Amino acid sequence: MFRILFNLIIYSIFLGLFSNIQAQEVSSESEEEFSLSEDVEWEDDEEIYELEVESVENQNMVDEVFNEIDIITDLLSEDTSLASWAVYSGSEGFLPYTSNKDLDAQLLKRYDVIMQTENEEQKFTYIKEYIFNENQAWDFIYERIYSQDGNLRYFSRHYNTYNSGCAQVALEESDYFFNSAGELIKKTYSIYDSQNNPLDINDCFMERESYEKYMTLRDFLDANPLPLWEE
C-alpha cells in the first residue's frame, strides 16, 4: 500500500512539472507569434499596411490634401492646366504627349503635370506618372502632390493587372499622406476588381516593383528632367 501511495505521489509531481513545461512552451510560442504579427504587414508588404490619423493637426493636413485632389479632379476635366510628356520605345528623352493609336503602342511612360499658382494658399504641383507594359498586361500609376515649398504631401500607387489569379482585372491602390516634416501620418489600402467589388489580397498575386516616392519636387525633377518646366 505504501509503495502504491508513493508511486501516485511521484506520478502527480511528474504531471505537474510536465504541465508547467507545456504551459511555458505554449506561452513562449504565443508571445513569438504575437511579436511577429505586429510587424509582418509593414515588413513583408508595405503596400497593404494601413495607418490611421492620430491627431487633429494631422487630420487637417489630410483634409487639405483631399481638397487639393478635388481641385485637381476639376482641372483634369477642364484639360486646360494640364501639360503631358511621354517616353516612347526607340526614342530618346521626353516628348510632348498627344493621344495617337500608333504611338501609344510604343508608349513606355507618360507624365501629366498640373501646377496650381493662381491661389497662393492652394499652390501645389501635381504629377501623375504612368508606366506601361509592352503587352498591356499590367501598368503602374504613381500620383504625387508637392506643397508650395516643394515637399511631398501625397503619394498614391495604383497597380492594374490581368495576371492576379483572383479576378479578370485586379486593381490595387495605396495612398500615403505626409506632414511638412516628411513623416507618414496616414496610409490606406484597397484592392478591387473592374466592377469595384472588393478582393482579398490573400487570394491575389500582385506584383511588387521597386520605385521612389521622391520626397521633394527637386528630387523628382533630378530623376525625371521634364522639359519646358517652369518652376
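Read-outs: derived from the displayed coordinates by stated rules, not from any lab. Keep in mind that this is a model prediction, so the values were computed, not measured. Please note: Cβ atoms are built from the backbone with ideal geometry, for glycine as well, and neighbour counts cover all protein chains shown.
Distance from the alpha carbon centroid of the stretch 134-201 to that of the stretch 60-76 works out to 16 angstrom.
Going by how many other Cβ atoms sit within 10 Å of their own, how do PHE177, PHE140 line up, fewest first?
The most exposed by this proxy come first: PHE140, PHE177.
Within the same chain, lysines fewer than 8 places from LYS101 are excluded, and of the rest, those with a Cα less than 20 Å from its Cα are LYS109. Set the Cα radius of gyration of the stretch 57-184 against 2.2 N^0.38 Å, with N its number of residues, and you get 1.17.
The stretch between TYR192 and ASN179, if pulled fully straight at 0.36 nm per residue, gains 1.9 nm over its current Cα-Cα span. The lysines whose alpha-carbon is closer than 16 Å to the alpha-carbon of LYS187, local same-chain residues fewer than 8 away aside, are LYS213. Rounded, prolate or oblate: which fits the stretch 175-231, taking a ≥ b ≥ c as square roots of the Cα gyration tensor eigenvalues, rounded meaning a/c under 1.5, else prolate when a/b beats b/c? Prolate.
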